[in-house]
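To start, the structure under review is shown below, and the notes come after it.
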Amino acid sequence: MDVQQLKQEIIAYSKEIGIDKIGFTSAEPFKELKNRLIRQQELGYQSGFEEPDIEKRVTPGLLLDGAQSIISIALAYPSKMTDRVEGKKGMRRGMFARASWGQDYHHILRERLQKLEIFILSKLPEARLKSMVDTGELSDRAVAERAGIGWSGKNCAIITPEFGSYVYLGEMITNIPFPPDTPVEDQCGSCTKCLEACPTGALVQGGQINAQRCISYLTQTKELIPDEFRGKIGNRLYGCDSCQTACPYNKGKNFHFHEEMEPDPEIVKPLLKPLLKLSNREFKSKFGYLAGAWRGKKPIQRNAMLALAHFKDKSAVPDLVDVLQKEASVVSRGTAAWALGKIGGEEAFTALKEAKEREMDPVVLIEIEKGLSLYKDEKSE
């Protein structure tokens with residue numbers, strides 16, 4: 001078997017099936033990553049969404065017997081909408097991060113990797129292969145960095161010379177000894193724009209993130225958002241792009257290579273108030289194909305209420321009162337109470353006072369008190 005020739009054939013085929021960049025690296029353990037992951041764990045900086053077994057995250061040989069190399073792939077996604085919609089007073093809109101535009105990227109990349117697997121097996125039937133995207137054990141970014149896809153930026157994203165950091169990543173472990181590609185030299189230099197742009201200071205230092213403070217993580221949780229972050233969420237419904245949009249290497253980067261990644265403006269920048277009334281079925285029907293829908297409707301609705309509070313949208317008060325009075329979820333009722341206090345006005349104040357008399361849950365009562373104190377602060381200004 002001529003491994004170098006097979007590698008060139010794979011590269012050529014990858015272009016045919018819509019893979020924008022491909023790289024190869026060895027399946028040696030990621031020793032430096034292991035040290036970083038241990039440190040992240042010690043500091044409590046992990047999100048909890050990761051594979052808990054660090055050895056599996058850094059040792060490809062534990063995931064595929066006889067692992068010898070890893071193929072890394074990248075697909076570029078759009079950073080701007082072709083058609084835009086704008087919010088206005090009384091009709092405010094939320095925002096899904098760019099990585100959640102179009103169809104769920106997990107499905108898109110898995111489909112590309114599956115085609116690549118079929119192609120490799122047609123050339124080498126005895127090959128052993130294991131593909132993964134995002135939710136797999138390996139770190140997509142660590143693999144991509146070592147495979148020459150791009151360098152790991154200070155914002156903890158892979159930055160490619162061609163597409164900036166607006167790329168989805170996936171990888172395939174193989175038992176084929178492909179010659180490795182050369183990593184890309186780090187080009188961040190002394191730039192710290194991403195660190196300065198982070199709304200919550202989640203980027204502790206270049207290349208280190210405290211996921212517990214990251215808005216992208218916070219928007220995906222199912223609990224009440226901690227007080228210190230509520231005013232930082234803005235109108236984000238899912239994810240955060242601040243560290244990417246601040247990056248000089250993303251300036252002017254906007255690629256529309258893949259039809260399935262094209263955003264529907266009414267979906268990725270939806271009106272906020274209608275979100276509060278969606279049933280589970282309606283949510284799945286309308287938003288279910290987005291990567292940002294994976295946690296269900298409740299976190300999106302909670303974030304929508306914070307966004308309405310951010311805009312101080314008085315037209316949303318009746319909707320928020322409805323949530324406070326009728327919603328079964330403690331998180332929803334509590335967030336509605338806080339949002340009502342933030343928005344203010346007599347209608348909101350009256351609803352909070354009435355809710356205080358009938359509410360039985362201690363967590364929601366605390367949020368009602370916060371709402372009332374916010375209103376009092378506004379009155380005293």
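The values are calculated or read from the model by the stated rules, or taken from the named source; none is laboratory data. All values derive from a computational prediction rather than experimental measurement. Heads up, the Cβs are rebuilt from the backbone with ideal geometry, glycines too, and the neighbour counts pull from every protein chain shown.
When the residues of segment 66-115 are filtered to those that are among the small types (Gly, Ala, Ser), farther than 16 Å from Glu259 by Cβ and in a strand (DSSP E or B), which remaining residue is farthest from the chain's Cα centre (by Cα)?
Among those residues, the one meeting the criterion is Ser69.
Matching residues to (1) surrounded by 14 or more Cβ atoms within 10 Å (Cβ to Cβ); (2) of a type in the set (A, V, I, L, M):
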site	(1), (2)
Gln5	no, no
Ile11	yes, yes
Phe24	yes, no
Phe30	yes, no
Gln46	yes, no
Ser72	yes, no
Ser79	yes, no
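Among the residues of segment 48-57 satisfying the criterion of being free of Cβ contacts under 8 Å to residues at least 40 places away in the same chain and assigned to a helix (DSSP H, G or I), which is surrounded by the most Cβ atoms within 10 Å (Cβ to Cβ)?
Ile54
Please find, within segment 350-381, the residue that is modelled with the lowest pLDDT out of those that are buried (at least 20 other Cβ atoms within 10 Å of the Cβ) and farther than 19 Å from Glu223 by Cβ.
Checked segment 350-381; the qualifying residue modelled with the lowest pLDDT is Tyr375.
With the condition kept exactly as written, say whether any residue in segment 36-43 is touching a Pro at 6+ places or on another chain (Cβ under 9 Å), part of a helix (DSSP H, G or I), of a type outside the set (D, E, K, R) and closer than 30 Å to Leu218 by Cα.
Within segment 36-43, not a single residue is touching a Pro at 6+ places or on another chain (Cβ under 9 Å), part of a helix (DSSP H, G or I), of a type outside the set (D, E, K, R) and closer than 30 Å to Leu218 by Cα.
Restricting attention to segment 282-300, which residues are in a loop (DSSP other than H, G, I, E, B) and among the aromatic types (Phe, Trp, Tyr)?
Hits for segment 282-300 are Tyr289, Trp294.
Looking at segment 143-154, can you tell me whether even one residue there is surrounded by fewer than 22 Cβ atoms within 10 Å (Cβ to Cβ) and of a type in the set (Lys, Arg)?
No; the residues of segment 143-154 include none that is surrounded by fewer than 22 Cβ atoms within 10 Å (Cβ to Cβ) and of a type in the set (Lys, Arg).
Take the residues in segment 49-70 that are among the aliphatic types (A, V, I, L, M) and at pLDDT below 95, then tell me which one is nearest to Ser139 (Cα to Cα). Spell out how you get there, then give the answer.
As a first pass, look at segment 49-70 and keep what is among the aliphatic types (A, V, I, L, M): 54, 58, 62-64, 67, 70.
Then drop every residue that is not at pLDDT below 95, which leaves 54, 58.
Numbers: Ile54: 10, Val58: 8 Å.
Top of the filtered list is Val58.
Of everything in segment 264-320 that's of a type in the set (D, E, K, R) and under 16 Å from Leu224 (Cα atoms), which residue is surrounded by the most Cβ atoms within 10 Å (Cβ to Cβ)?
Within segment 264-320, the match that is surrounded by the most Cβ atoms within 10 Å (Cβ to Cβ) is Arg302.
Go over the candidates Val331, Val363 one by one and state the one that is farther than 27 Å from Pro270 by Cα, in a helix (DSSP H, G or I) and in contact (Cβ under 8 Å) with a residue 40 or more places away in the chain.
Criteria check complete, one pass: Val363.
Under the condition of being over 18 Å from Lys286 (Cβ atoms) and without any contact (Cβ under 8 Å) to a residue 12 or more places away in the chain, which residue from segment 90-119 is surrounded by the fewest Cβ atoms within 10 Å (Cβ to Cβ)?
Ile118
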